Each structure stands twice: as structure tokens, then as C-alpha cells.
Amino acid sequence: MNILVANLGSTSFKFRLFRFDGAGNAALVAKGGYERVTDYGKAIDDCLTELQAAGHVRSAADLHGVGFKTVLGRGVTGCVPADDRVIQALDGFREIAPAHNPPYALGIQRFREKLPAVPRVALFETAFYQWMPEAATRYAVPPAWHDAGVRRYGFHGASHKFVAERSAELLGREDIAERARRLYQAGPTPLAAGARPLRVISCHFGGSSSVTGIRDGVAIGTSMGLSPQSGLPQNNRVGDLDSAAVPFVMKTLNLPLAEVERQMTKEAGLLGLSGAGNDMRDVKAAAARGDARAQLAVEVFIHSARHWIGAMLVELGGCDALVFTAGIGENNPDLRAAICANLGELGIALDPVRNEALRGAEGEISAAGSRAKVLVIPANEELVVARETVRCLQAGR
Ligand code: AMP
């Protein structure tokens, strides 16, 4: 089975082609993408031409499904056929995820026009959080706000679900790995009597960042809230902010709402704090040159990461594995060391040599005596989308 995973940005189109064998094992066959896209229809044609030229598919008939990593839908989550209901759900929350929802709604429509016979599946980033306790999802807002959809949803679901599966495998807990793998089909299945719990804190630190608490393969809490501009400081998005700040700056700095929104999404986060860029590498380089703003930006990021790890540690009642994933988490030993500093009493201790040596690859970086394993697991969101697309298609047959 050939599954194309489409990753749509406001001006970009990235794709990965996975091939599944009869046993359900996936191989990444091709990946590519285009920047400055103005016409998704043309990008889809180009993608197909590229895959044909490379001999990966002969025609659209060789594609068995397209998976979309959709972000947030009004009244829809999980892994579902990407049909009119999904397009309406994306439209319904375009105000909350303006950078993500319109491109996906348009992209799904274009795929339907261009490749009508190829089934389309949407895996929402919110899917992993469907079983969070209600208390972890509620804001203390009036009921009408809640009814309008104002609650904590959680994002980076595909990435954290991959961590849930892979960390359980690495810790020798095939029972939990299987429970996590089957989550979107079967919900949280009962554990075997007497099975030990598995408590994982997953840190997706990249262009955008979030921390998720995972018990027995199921998310129980997240740093992300109503929108992906919550939690830790993001690249150029604000992260957590007291709600009083918005009316305050509107009144005292005389800013219209649209300008406040623009600044919170384009000029805030690591960029706003540091002035040195929105890429952690640039921020760290400026900090190393002695730039005080950049140094503070790094410290704010570390502070926020520890804040959310602490929240999950208490919620889970301890931690069996702390996992770093995504661009920053996989590649930056300094930040991992700073985030884990002085946590020995809480059972988390790094091995400095292992930590320093591990970049961009999977492995363990905890000290021999650490109660919790500290792991690096490279992000593999597209694989999760591809797998769930296959399962959704097979379930629909
Ligand atoms: P991602 O969102 O997973 O693609 O991660 C992209 C981000 O990872 C970039 O914007 C960088 O901030 C960060 N990143 C990548 N490599 C490094 C590195 N060696 N050190 C610090 N940050 C990095």
C-alpha cells in the first residue's frame, strides 16, 4: 500500500511517500516539497510527476491514500475521512489556527479535485488528547465561552503519540506500546491485571514546542491550550500569556486587535524575546556572543520547559521516562542539560558524556543511577499519520 502524507503550510507543500507491506511495516520511499506555493493544484501535479519520474508510482492509481496532519477542527477530532465534514470543521476554527486550518481545508479540496479516486484521511493533532481528564481541559470561563469551543485541546499529537509508542518499546513495555498503537481504533484498552504503570513526559521542542504527560500510552495533560500559540515560548508565537495583557496593550499602547494578534503571532516568542531570530540556533549563537536579550530568551525557554515538566511530573505522580524530541530536543545537549539540572532528587539525572554525544539520533542519555530513563527519540510525525491513514482505510472497508 502506498500512502502519501501531505504537510501543508500557508505557502508550502511537503510530502512523504510510505510503502506498507502485508505485515503493516512501513518504509519511507520518497520525500520532497515546494516552498512559495501559490497553487496547491499545481503542487499536487508536480508531486505526482516527481514520484512517477522516480519510479515510485506509475500513476495516481498506485496511491492508496493521502493522509493529512490536520490541526484543529470544530466538533471533529481523531482519525477520520477527510470529507466535507472535516473541511467545515477546519473552517469553523480558522480563527484559532489561522496559519494551519485554511491551507489544510484548501489542500484537501485540491486533492479531491485532482485525485478523486484516492481516499483522503485527516489525523487531527488534537486526537491524542481525547481521553484527557475533563479537569485538564477546562478553562474557568463562562459556560457560553466553553460552549463556543474555548477549552484546552493540545497539539503535536502525532509527535507525542509516536513518543508514547516508541518509548514503551525502548523500555521493554510491549503491552503499553501496543495499547498506544491501537489507541485511535480501540480507545484506552484495559491493562493486564497487576501491570505496572508507565509514566512518560514527552518534550517536543522545535519550531513550536509542547510538553505532554502520558500514562500507559494515553495523554493526561499538555502545555498546549486552545491554540498552538500557548504553553512554552514558540519560535515567533507568544506562548502562555495572562489574558489581561491583550486588553491592557490595546488600551495603553493604542493597538487595534488585529495588530495585537499580528504581533503575538509574528513578533513574539523567541524572536520577540531575543531580537536575534526565531531559530534557537541563532538565539543560542547570539547568547554565546554575550547578547543579554538572547541569553534571557534561552533562560525563559528553559524556565518554561521546567515549569511544564514539573506540572506533568506531579500529575503523573513520578516519571519513568523523560523524552526529548523535535529540532531542539534532538539536537541541543546544552538545553537538555539545563532543563534537567538539579532534578536528581526527583529521579531524573543526565549522563553528561552520553548527552553531549547524542545529536539527531535515538538513544538514552540518563546517568546509570537515574530512576527515570532520559531518552532522545527523533520525531516521526509523518509515520504516525501514514499508519493511522492505513488503519482508517482498512477499518472503513
Ligand atoms: P522542528 O520544528 O522539529 O523542525 O525544529 C526546528 C527548530 O529546531 C529550529 O527552528 C531550531 O530552533 C531548532 N534546532 C535545530 N537544530 C538545533 C540545534 N542544533 N540546536 C538548537 N536548536 C536547534
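Please treat every number below as a calculation from the coordinates, not as lab data. The shown structure was predicted, so the numbers you read here are calculated from the model rather than taken from an experiment. Cβ coordinates were reconstructed from backbone atoms using ideal geometry, including for glycine residues, and neighbour counts include every protein chain displayed.
Details
- Gyration tensor (alpha-carbon) shape descriptor, segment 240-391, a/c threshold 1.5: prolate
- Dividing the alpha-carbon radius of gyration of segment 212-330 by the rule-of-thumb value 2.2 N^0.38 Å gives 1.19.
- Distance violations [Cα-Cα > 21 Å] among Lys161/Lys373; Lys14/Lys69; Lys14/Lys284; Lys42/Lys114; Lys69/Lys161: Lys14/Lys284
- Farthest positive-ward along the chain dipole, Cα basis, beta-carbon charges - from Phe13, Gln295, Gly75: Gly75
- What separates the Cα centres of segment 6-45 and segment 46-123 is a distance of 10 Å.
- Projecting the Cα atoms of Ala117, Tyr184, Gly207 onto the charge dipole of the chain (Cβ charges, centred on the Cα centre) puts Ala117 farthest toward the positive pole.
- Longest exposed-site-free window of the chain, the sites being chymotrypsin sites (Phe, Trp or Tyr not before Pro) in a DSSP loop that have at most 15 other C-beta atoms within 10 Å: 140-397
- The alpha-carbon of Lys251 sits under 24 angstrom from the alpha-carbons of these lysines, leaving out residues fewer than 8 places away in its chain: Lys266.
- Gyration tensor verdict on segment 35-76 (Cα atoms; rounded if a/c is under 1.5, prolate if a/b is larger than b/c, oblate otherwise): oblate
- Charged side chains reduced to their Cβ positions (Lys and Arg at +1, Asp and Glu at -1) give the chain a dipole of some 380 debye around its Cα centre.
- Pairwise Cα inverse-distance average, inverted: Kirkwood Rh of the chain (Å): 21.9 Å
- Compared with the alpha-carbon gap, the fully stretched path from Asp282 to Arg94 is longer by 64.6 nm at 0.36 nm per residue.
- Span-like helix ranges in the chain, DSSP H, alpha carbon extent 18 angstrom or more, Kyte mean at least -0.5: 40-53, 157-170, 292-316, 381-396
- Cβ-derived FRET efficiency at R0 41 Å, Ala192 paired with Ala258, nearest 0.05: 0.15
- Rounded to the nearest Hz, the phi-derived 3J(HN,Hα) couplings of segment 357-362 under the Karplus curve 6.51 cos²θ - 1.76 cosθ + 1.60 (θ = phi - 60°) are 7, 9, 9, x, 9, 7, where x marks glycine and proline.
- Fraction of the pair-distance distribution of segment 266-315 above 13 Å, Cα-Cα pairs, percent: 54 percent
- Across segment 145-298, the fraction of Cα-Cα pairs farther apart than 24 Å, rounded to a whole number, is 49%.
- Prolate/oblate/rounded call for segment 108-177, Cα gyration tensor, a/c under 1.5 rounded: oblate
- Highest-fluctuation residue, Val238, Val300, Val218 considered, GNM on the chain with Cα pairs under 10 Å: Val300
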